[in-house]
Every structure is written in structure tokens, then in C-alpha cells.
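The values are calculated or read from the model by the stated rules, or taken from the named source; none is laboratory data. Predicted model only: the values in this text are computed from it and were never measured. A quick note on method: Cβ atoms are made from the backbone with ideal geometry, for glycine too, and the neighbour counts reach across all protein chains shown. Protein only, heavy atoms only, side chains kept; ligands, DNA and RNA dropped before computing areas. Shrake-Rupley method; radii C 1.70, N 1.55, O 1.52, S 1.80 Å.
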Amino acid sequence: MDGMSGRSWSCYPDGVLPSRRAFLRTLAAAAVAAGAGIATAAQDDSATVAEEPIVVFPADGFPAGSVRLNFNENPLGPSPKAVAAILESGLGHANRYSFIDPLVDAIARHHNVPARNVLVGCGSTEFLQFTPWAFLGDGGDIVVPSPSYGWSAGVAETMGRRVVRVPLGEGGAVDVARLAKAFTRETRIVYLANPNNPTGTHIPSAAIVTMLEALPRGAILMVDQAYHDFLPDAGRSIDLVRQGAPVLVLRTFSKAYGLAGLRLGYVIGPDPVLEKLRTVWWGDLGINAAALVAGPAALADRGHVQSYVELVDRRLAQLRPGLEALGLTPYPHRAPFLMVECARLTDGVVRSLRERRVFIQPGSNWSMPTCIRVSVGTAADNAAFLEALREFVA
């Protein structure tokens, strides 16, 4: 593989660095836009895209004072209780391998499920990476909405398995009926990000039950709830696990808990699903000493999570009207990020913002080249973003 650019299993459909395939798709989108009569500025933008692909991380890291609205991180930082737990432990046991049972037990108690129905890992990414190996090793397909979080689909492609991509419906919503029609006897995994990333749309629990009823024998429904704190019915998927349904629920400490740098996540699933997943799971080797003690403390600090949720709701009320005042159209969903329709190709805008130390994601990462995705930040970060953006869309 050619460094990071070969990582077809990353959260973006074509890896951390845009591949030649993504590059050509962007040029094709530019050609379509030109044929549709989109403004000359947008056509000029496509020439810039051809010269220099946008990377996820700046080559020399983020400059001091950067406004980082590109990874949906918690701007409040980690729970103070989690930090205190790490400091109190002193990490004096870091020379020993982690004994994960207390962490597993804390998660199991939090969700009122047996500990045997919980696996912990190096972020939920561990399970996004390994679930295809567990369930597609002998063949079969994975069905995914598109665009969505593309890690597991990328792994499946790396394995040589078929990925069935079902386009989103109106407003970036998951088209449940169309998705269910894509199921066949070869379907082994159906992946859902709820809320969907990058569009932020909520998949109601009734729709998840509908898909579950249409699921072929031997298939699993993989529900990625990285942003579950913004769902009105997030617990329903775990209820399905308690009922023995073939559902695998993924959770992470990287978002609301503010522990992205510690890499901690977990899954909850019924016995048959986890029995199969254990054949590829890292076990205790994916949990570092700091995450081991920070996890239970963060989990117990509901006040910190609630502060984050309230901050996001307040700052969405700042971002939406600010974007609309610029003539842009933010998607109307509740999540710690916004997909924004700009009616012009946006790679050049994203690049120009980066020159001003304002970092957001281009929609071209998800084959939505006239969009941007912006994380919800602090009031100051959001204001800096809107002010910088005004120069390019006014």
C-alpha cells in the first residue's frame, strides 16, 4: 500500500487521502456542474481541485490557534472526572497488560445487559474494522446507505466482497424501503449509522425494526451509534439486543465523552453475534491503561455529556441562521455536525479556509461536491468559521 492513501477502509469512501478514483469522480462532477450552467466560479474551483487533493490532516499538524470543525470532536474536552481518574491512577500499572473486566462490567451495568454481551475495543473503529472479517470471511455482501460512514464498506471491498450502496432519500434521509429491497440471500451485514454521518439524519426505531424483519437468515444489522446522545430513541436498538435480535450496536467514547485521543469503544450484541465476532476481536490488547481507568469515570459523568448536548443545541441555533444568511442551506437535522448545501463546488472553499486555519470537511469526501460538513464548535469557533466563510460566498 502507498502509505495512508491505500487505506480503502477509512471513514471516507476512498481512504484518508483522496484516491485517483475520487479525483476522477470530482472532475466528473465538475463537468456535470458546468453542463448544468453552474456559475463560472464553481467551474474555476474544479481546476483547483485537479491540482491538489485535500488531505484530512495537515502535513505538519494543525497550526496553533486552528479552528478545528472537521472531526466532530467534543469542544468541551474530556470529562474532568475521567482526567482525575487517570491522574489518580498515575498509570503506574502501564507496564502491565490491561485487565478489562471492570471496564466491561461498568458498561454492562450502564446499559443493564449481561457482561458477556459487551466487547470493548480500540475505539468503535476496532469493530468497524473486524466485523466484516467475522461475517464476510466465507463470502456474502454488505448493504449500506450512501453516502454514510464508509469504514466497514471499505474493509469489505478490501476483502473482495460486494458492497451494495443504496442512495439516500430526500433531505439526506436513509430510504428504509429501498434499503430493504436491496437485501438478498447473499446479504450478511446491513450497516446503519444512526444518526447518519455525514447528513445527520435520524433513523427512527420503527424503521430499524422494519429492516430487521426483512433481514435474511444469517445476516446482522450493524447499528453505529457514535452520536447516540442526539437520538430520541437510542436505547431501542439495545432493547432489540436484549430480545435476542441479530443486532450489533456500536458505541464510542470519542464523541460526547471527549476521549477521542484515548481510543475506546464497545459493542453490545446477542450471544450468537458476539460469539462470531470474538473470533477476530483483539480482546484486552485493544485497551490502553489510560482508557481503562478513564472509561468508567466518563461513563458515570452524565453531567458532562449533558453539558455537551446542550452546547451543541445552542450552537446549532447559532450556525443555522448564520449559514442561511449567507444563502446556504444546512440540512435540518440534530447532530453535532451539519451538512451544508452550497450550490457550488466547495473543495476550493475548504482549501481557502484552511489557509486561514479554519478546518472543515469537503462534501466531495462523500461524493457530495457542492456541500461542506462542519462540526458544531464553541461560539467563538463557529463565529470564526462563519466570518471566514463569508469572504467566499458573499
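Before moving on, here are some points about what is shown:
- Nearest 10 degrees, 0 to 90: helix 40-51 Cα axis against the chain principal axis: 60 degrees
- Only protein atoms count toward the accessible area here, which uses a 1.4 Å probe; on region 240-287, the carbon and sulfur part of that area reaches 56 percent.
- Cross-link reach is defined here as a Cα-Cα straight distance under 19 Å, omitting same-chain residues fewer than 8 places apart; for residue 276 the aspartates and glutamates meeting it are 126, 138, 141, 186, 224, 284.
- Principal-axis tilt of helix 20-35 within the chain, Cα atoms, nearest 10 degrees: 40 degrees
- Dipole of the chain [Lys/Arg +1, Asp/Glu -1 at C-beta], most positive-end residue of 83, 134, 361: 134
- D_trans [Stokes-Einstein, Kirkwood Rh over alpha-carbon pairs] for the chain, 10 °C, 1.306 mPa s, µm² s⁻¹: 73 µm²/s
- Remark: the chain carries 42 Å² of accessible area per residue (probe radius 1.4 Å; ligands, DNA and RNA excluded).
- Net length gained if the chain between residue 314 and residue 64 were fully extended (0.36 nm per residue, minus Cα distance): 87.4 nm
- Alpha-carbon Debye profile of region 252-337, log10 I(q)/I(0) at 0.16, 0.23 Å⁻¹: -0.81, -1.09
- Using alpha carbons only: equivalent-ellipsoid semi-axes of region 88-241, gyration tensor based, whole Å: 29, 19, 15
- Using the Cβ-Cβ distance between residue 94 and residue 138 with R0 set to 51 Å, the FRET efficiency from 1/(1 + (r/R0)^6) comes to roughly 0.85.
- Those trypsin sites (Lys or Arg not before Pro) in region 190-281 that DSSP places in a loop and that have at most 14 other beta carbons within 10 Å: 217, 278
- Here region 291-394 exposes an accessible surface that is 52 percent carbon and sulfur, computed with a 1.4 Å probe and the other protein chains kept in place.
- Counted over the chain, the DSSP beta bridges are approximately 45% antiparallel.
- Region 246-295: relative contact order as a whole-number percent, Cα under 8 Å and 6+ apart: 37 percent
- Charge dipole (debye, nearest 20) of the chain; +1 at Cβ of Lys and Arg, -1 at Cβ of Asp and Glu: 440 debye
- Excluding the site residues themselves, the longest part of the chain lacking any chymotrypsin sites (Phe, Trp or Tyr not before Pro) in a DSSP loop with at most 16 other Cβ atoms within 10 Å is 100-281.
- Cα centroid of region 76-92 to Cα centroid of region 120-180, whole Å: 34 Å
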